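J.: Shown below is the structure under consideration.
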Amino acid sequence: MVFRVSAVGSLLALAASTTLIVAASSRGRRQVGAAGVDYPTYSEVPPGLTFTCTDKIPGYYADPEAQCQVWHWCVPGGRRYSFLCPNQTLFNQLYRVCDWWFNVDCSGSPDNYNINEDLYKIPEDIGTRVSRSDNPDPLEEEQEEKEEESSGEA
């Protein structure tokens with residue numbers, strides 16, 4: 001039981017140190033900005049946005065018209081679903097997540113819409129991949145070797 005408590009304690013310490021490392025990462029520390037100046041503060045997706053999916057491949061898109069606090073999910077067939085990032089965050093087109101406003105280049109987002117080309121893609125080599133039977137499990141092989149050794153000793 002003591003082992004479990006120390007293992008849990010170690011995991012908690014590891015999680016805490018990982019959080020600190022991430023917080024102090026090269027992306028910088030959280031910056032204080034002014035609402036309405038550095039980032040928008042929409043409480044809902046604004047009506048009348050002109051973003052359309054008809055000329056886009058399926059994927060996730062920042063909307064510069066809404067200062068990137070709004071992002072759209074374009075699905076096959078051209079249908080659009082719109083979402084709002086929490087206040088002080090904007091849709092980061094490079095990572096396709098809501099990110100702190102100071103990490104996002106909203107005006108450059110359309111230049112990165114092509115990042116969606118990696119979605120919904122079927123690999124070309126799908127028919128030539130190695131099957132499981134051609135790639136034996138090393139643990140199964142080890143077990144078979146042990147069984148052969150023990151049968152040879154008897």
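J.: Determine, from the Cβ-Cβ distance of THR52 and ASN87 and an R0 of 35 Å, the FRET efficiency 1/(1 + (r/R0)^6), rounded to the nearest 0.05.
T.: 0.85
J.: Dipole magnitude of segment 35-102 about its Cα centre, charges +1 at Lys/Arg Cβ and -1 at Asp/Glu Cβ only, in debye to the nearest 20?
T.: I would put it at about 260 debye.
J.: Sort 69-79, 112-122 by the packing proxy (mean of other Cβ within 10 Å over each peptide's residues), most packed first.
T.: So the order, starting with the most tightly packed, is 69-79, 112-122.
J.: Could you check the spin-label model distance between GLU124 and TYR42? Points 7 Å from the Cα along Cα→Cβ, value in nm.
T.: Result: 3.8 nm between the two label points.
J.: Taking amide hydrogens as modeled 1.01 Å from N in the peptide plane, which residues meet the under 5 Å criterion relative to VAL97, leaving out close sequence neighbours?
T.: Distant-sequence amide H within range of VAL97: ASN92.
J.: Taking the simple approach of a point 7 Å from Cα along Cα-to-Cβ for both VAL32 and VAL75, what is their distance in nm?
T.: 4.3
J.: Still on this structure: Starting from 0.36 nm per residue, how many nanometres of slack lie between LYS146 and TYR95 once their C-alpha separation is accounted for?
T.: Result for the pair: 13.6 nm of gain on full extension.
J.: Over 15 Å, how big is the tail of the calculated P(r) for segment 35-102, in percent of all Cα pairs?
T.: The proportion of pairs with Cα distances above 15 Å equals 47 percent.
J.: Let me ask something additional. Kindly rank 89-100, 47-58 from highest to lowest mean number of other beta carbons found within 10 Å of each residue.
T.: The most tightly packed comes first, giving 89-100, 47-58.
A short reminder: the numbers here are calculations on the coordinates, not readings from a lab. Just so it is clear, the structure is predicted and the values come from calculations on it, not from any experiment. Glycine also receives a Cβ, built like all others from the backbone with ideal geometry; neighbour counts cover every protein chain displayed.
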